[in-house]
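What follows is a set of notes on a single structure, which appears directly below.
The values are calculated or read from the model by the stated rules, or taken from the named source; none is laboratory data. Every value quoted in this text rests on a predicted model; they were computed, and no experiment measured them. We place every Cβ from the backbone using ideal geometry, glycine too, and count neighbours over all the protein chains shown.
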Amino acid sequence: MTTFIRTNGISPRTLLADPFFSHVFGDTRVAAPDIRLDVEETGEAFLLRADLPGIAKDQIHVEINDDIVDIRVDFKPVATADAKLLRSERARGEAKRTIRLPAAVDATKADAKHVDGVLTLTLPKLAPTAKRLTVN
């Protein structure tokens with residue numbers, strides 16, 4: 001037999017979500033930094049777009065190693081000198097995203113642009129090199 005308990009809508013979860021308690025005990029919930037991206041392939045290159053809103057160009061680090069692309073950014077909070085922080089929901093901290101592409105990339109010809117919070121990487125495919133061996 002199942003017993004049902006009526007709680008009038010008050011549960012530990014609703015108490016913790018109450019603004020009064022988060023103000024008294026401090027709101028320790030901080031959004032985890034995340035890098036969302038799209039990858040497209042053309043005949044000669046890969047096109048990678050990553051959403052990085054509010055990030056300055058000098059906070060973006062991209063590393064290319066054959067077919068692996070690493071993107072690392074540091075989300076830094078912006079503090080106002082005379083203001084008291086009441087609530088913080090924006091992401092902070094370091095975020096890293098690693099993606100393996102289907103083919104090797106020519107890092108010397110890669111291009112990166114950061115416009116309106118979107119990082120766009122144009123990654124040309126590495127031309128396949130074939131070597132013919134002579135059989136002795």
Out of (1) in contact with a helix residue (DSSP H, G or I) (Cβ under 8 Å, 6 or more places away or on another chain); (2) under 18 Å from LYS125 (Cβ atoms); (3) not charged (D, E, K, R), what's the single condition that is false for VAL73? (2)
Failed item, numbered, when GLU89 is tested on (1) in a loop (DSSP other than H, G, I, E, B); (2) modelled with pLDDT of 90 or more; (3) over 12 Å from ALA45 (Cβ atoms): (2)
I'd like to check something: does region 99-110 contain any residue that is hydroxyl-bearing (Ser, Thr, Tyr), modelled with pLDDT of 90 or more and loosely packed, with under 12 Cβ neighbours inside 10 Å? yes
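Among the residues of region 92-124, what is the count of those that are part of a strand (DSSP E or B) and either free of Cβ contacts under 8 Å to residues at least 60 places away in the same chain or over 16 Å from VAL69 (Cα atoms) (or both)? If you could, list the steps in order and put the result at the bottom.
Taking region 92-124 first, the residues part of a strand (DSSP E or B) are 93-100, 105, 111-115, 118-124.
If we keep only those that are either free of Cβ contacts under 8 Å to residues at least 60 places away in the same chain or over 16 Å from VAL69 (Cα atoms) (or both) too, we end up with 93-94, 98, 100, 105, 111-115, 118.
Count: 11.
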Surrounded by 13 or more Cβ atoms within 10 Å (Cβ to Cβ), modelled with pLDDT of 95 or more and among the β-branched types (Val, Ile, Thr) - does that describe any residue in region 22-34? no
Of all residues making up region 67-86, the number that are modelled with pLDDT of 80 or more, loosely packed, with under 15 Cβ neighbours inside 10 Å and in contact with a Lys or Arg (Cβ under 9 Å, 6 or more places away or on another chain): 2
Would you mind stating whether ALA127 is in contact with a Pro (Cβ under 9 Å, 6 or more places away or on another chain), in a loop (DSSP other than H, G, I, E, B) and closer than 20 Å to LEU47 by Cβ? no
